[in-house]
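What follows draws every value from the coordinates through simple rules; no lab data is involved. This structure is a prediction, so every number in the text was calculated from the model and none was measured. Positions of Cβ are backbone-derived with ideal geometry, glycine not excepted, and every protein chain shown enters the neighbour counts.
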Ligand SMILES: Cc1cc2nc3c(=O)[nH]c(=O)nc-3n(C[C@H](O)[C@H](O)[C@H](O)COP(=O)(O)O)c2cc1C
């Protein structure tokens, strides 16, 4: 299991201006094509991405409602555009402005495609705040960064290791509550 106290999660990768991240998926969202830029920015090799669900990139900061709305829009045959924070293989992150739309062959919807581009820094900060507020309003998970005594951490991490579950679930359990998932 990845060390949950690792700093890697807070390291941002910038999408170079003018470069496009391109992917295609089948109708269920399984990746069928990934370009080199997609692989380089996400930290995966193209062959590691093809065949995997596109949610392999899902960042816990993304509100559920954003993807619900995305799927509703593209299933209805319209293009969807929006800001997405993605998680890299090394657990770092990158922001993109994504356009997702259907690929049609002889008038029939056969795949989806996505083009993703650079987001200016001020916009990334604004979207982070907006998505944090949305998760809070939706009763979704809250990001918690805390410094605890090493002994407390060792005990929590030991329990998480023994149970094979995340620290977040261990903390919830200590309080007698189980998170929704
Ligand atoms: C063409 C296409 C591109 C997508 N790109 C992303 C993406 O970059 N990041 C992401 O988290 N989800 C992306 N998704 C949505 C995922 O399929 C998935 O719905 C999302 O990650 C939420 O995960 P969940 O549906 O398992 O809750 C994409 C879907 C499609 C059809």
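Relative contact order, percent, of region 1-154 when contacts are C-alpha pairs under 8 Å separated by at least 6 residues? Mind showing how you got there, number by number?
Details: 247 pairs, mean separation 39.6, N = 154.
Worked out over region 1-154, it gives 26 percent.
Just to confirm the number: angle between the C-alpha axis of helix 150-163 and the first principal axis of the chain, 0 to 90 degrees, nearest 10?
Taking the Cα atoms of the chain, the angle to 150-163 is about 60 degrees.
Using 0.36 nm times the number of residues separating residue 169 and residue 53, minus their current alpha carbon distance, what extension gain do you get? Can you show the working numbers first?
Numbers: separation 116, 0.36 × 116 = 41.76 nm, distance 2.41 nm.
Full-extension gain reported as 39.3 nm.
Region 81-126: percent of C-alpha pairs farther apart than 18 Å? Write out the running numbers ahead of the final one.
Working: 460 of 1035 pairs.
Tail of P(r) above 18 Å: 44 percent of Cα pairs.
On a 0 to 90° scale, report how tilted helix 64-75 is relative to the longest principal axis of the chain, with both axes built from alpha carbons and the result rounded to the nearest 10.
For helix 64-75, the angle is close to 20 degrees.
How big is the gap, in Å, between the Cα center of region 19-76 and the Cα center of region 116-181?
22 Å
Which value in nm describes the separation of the simple spin-label points at residue 111 and residue 144, placed 7 Å from the Cα toward the beta carbon?
The answer from the label model is 4.3 nm.
Taking the alpha carbon gyration tensor of the chain, what are the square roots of 5 times its eigenvalues, largest first, to the nearest whole Å? If you can, show how the numbers build up before the last one.
Working: eigenvalues 207, 65, 58 Å².
For the chain, the ellipsoid semi-axes come out as 32, 18, 17 Å.
Take every DSSP beta bridge whose two residues both sit in region 7-137, then give the antiparallel share in percent to the nearest 5.
95 percent
Relative to the longest principal Cα axis of the chain, at what angle does helix 121-137 sit, 0 to 90 degrees, rounded to 10?
Helix 121-137 sits roughly 60 degrees off the main axis of the chain.
Over all distinct alpha-carbon pairs, what is the Kirkwood Rh of region 126-165 in angstrom? All intermediate terms of the calculation are to be shown ahead of the outcome.
Working: mean 1/r = 0.0805 Å⁻¹.
Across region 126-165, the inverse of the average 1/r is 12.4 Å.
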